[in-house]
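Data block below; observations after.
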Amino acid sequence: MDNFRADLHIHSVLSPCGDLEMSPRNIIRHALKKKIDILGISDHNSTKHGPLMRRLGKECGIFVLTGAEVTSREEAHCLAFFETDDQLALFQDYLDKNLIPFPNDPIRFGHQVVVDENDQILEEEQNLLVYSIDQSVNQIESEVHRIGGLFIPAHVNRERNGIISQLGFVPPDLNADALEISRHITKEDFLSLNSYLERYTFIQSSDAHYPEDIGRVHSVFRLKEVSFGEIRMALSNTDGRVVLKP
């Protein structure tokens, strides 16, 4: 078994809140500098940079988990990750069908662009991606697992857009693969306030919107090798695979 540094919450230029320097290639470049082994690309309500990010990461020895940060009907943010391009396409279709249409204002919210490996713009999303989709947290979790993905409520300690702030608690019937806490709290401090969540695996991520924030905090996975299956095993604490940090 070896230890691998993972930052599973990164936004690219496709997210309206993502800095213009957060192109796929530049994200990989900065992740290399920070010695990140596993990167999670999680743009708001879109998976469209996933395949390119995975390919660029593979060329540089970084494993990229591809998915999205989904905003539920309750305005809770949830990370969803998938292993294959076919799964990503299925989930993108689900997002497209359920995103509540609201035109983006680039001046107010920022541009939402899909780019190629040379940072050339291929398309610009017209609907605001940070808006909610018309699905509940439980419905999103069910769809993610139906497709075969991983479901992780994001920054659960935050006072805005965390599942606890939006619902008041983590529903006991929610089949989350892990819970993410932000860099602003330790796992120990969080559990001292929420002891009912002790059974969950926790990850900590940067939620980077700027290149310098990539890897600012990270998790450590103990795995036999880096793969989607091994990461799933670590999140479920199976056969010696485990998340050591936070």
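FYI, it's all coordinate maths here, none of it is from the lab. Just so it is clear, the model here is predicted, and its values are computed rather than measured. Neighbour counts are summed over all protein chains in view; Cβ atoms, including those assigned to glycine, are modelled from backbone coordinates with ideal geometry.
Using modelled backbone amide H atoms (1.01 Å from N, in-plane), which distant-in-sequence or interchain residues come within less than 5 Å of residue 45's amide H?
Excluding prolines and chain starts, which carry no amide H, the hits are 69, 70, 71.
How much length would be gained if the chain were fully extended between residue 20 and residue 195, taking 0.36 nm per residue of separation minus their Cα-Cα distance, in nm to one decimal?
Separation in residues times 0.36 nm, less the Cα-Cα distance, equals 59.0 nm.
Normalising by the residue count of segment 100-246, find the relative contact order in percent from Cα pairs under 8 Å and 6+ residues apart.
14 percent
With +1 on each Lys and Arg Cβ and -1 on each Asp and Glu Cβ, how big is the dipole of segment 2-245 about its Cα centre, in debye rounded to the nearest 20?
About 740 debye.
Counting only other residues whose beta carbon sits under 14 Å from that of residue 90, what net charge do I get with K and R as +1, D and E as -1?
That sum, taken over residues with Cβ under 14 Å, equals -3.
Report the gain in length on full extension from residue 245 to residue 124: 0.36 nm times residue separation, minus Cα-Cα distance, nm rounded to one decimal. List each step's numbers first, then the result.
Details: separation 121, 0.36 × 121 = 43.56 nm, distance 3.70 nm.
Separation in residues times 0.36 nm, less the Cα-Cα distance, equals 39.9 nm.
Could you list 186, 238, 71, 66 so that the one with the fewest beta carbons within 10 Å of its beta carbon is first and the one with the most is last?
Fewest to most other Cβ atoms nearby, the residues stand as 238, 186, 71, 66.
Sort 182, 192, 12 by Cβ crowding within 10 Å, fewest neighbours at the top.
Values: 182 18, 192 9, 12 27.
Ascending Cβ contact count within 10 Å gives the list 192, 182, 12.
So if a site counts as exposed when it's one of the trypsin sites (Lys or Arg not before Pro), its DSSP state isn't H, G, I, E or B, and it has at most 12 other Cβ atoms within 10 Å, what's the longest stretch of the chain without one?
Looking at the chain, 36-159 is the longest stretch - no exposed trypsin sites (Lys or Arg not before Pro) with at most 12 other Cβ atoms within 10 Å.
Less than 15 Å Cβ to Cβ from residue 33, Lys/Arg counted +1 and Asp/Glu -1: what total charge do the surrounding residues give?
+1
Quick one: order 78, 60 by neighbouring beta-carbon count within 10 Å, fewest to most.
60, 78
Given H placed on each backbone N at 1.01 Å, which residues far from residue 245 in sequence or on other chains put an amide H within less than 5 Å of it?
The list, which skips near neighbours in sequence, is 220.
Which number gives the lysine pairs in segment 2-245 that have C-alpha atoms under 27 Å apart and are eight or more places apart or on different chains?
Lysine pairs meeting the criterion: 22.
Using 0.36 nm per residue of separation minus the Cα-Cα distance, give me the extension gain between residue 108 and residue 29 in nm, one decimal.
Taking 0.36 nm per residue and subtracting the Cα distance, the gain is 25.6 nm.
With a sphere of radius 12 Å drawn around the Cβ of residue 153, what net charge do the other residues whose Cβ falls strictly inside it have (Lys, Arg +1; Asp, Glu -1)? Please list the in-between numbers first.
Numbers: positive: 158; negative: 69, 74, 141, 177, 180.
Charge balance near residue 153 sits at -4.
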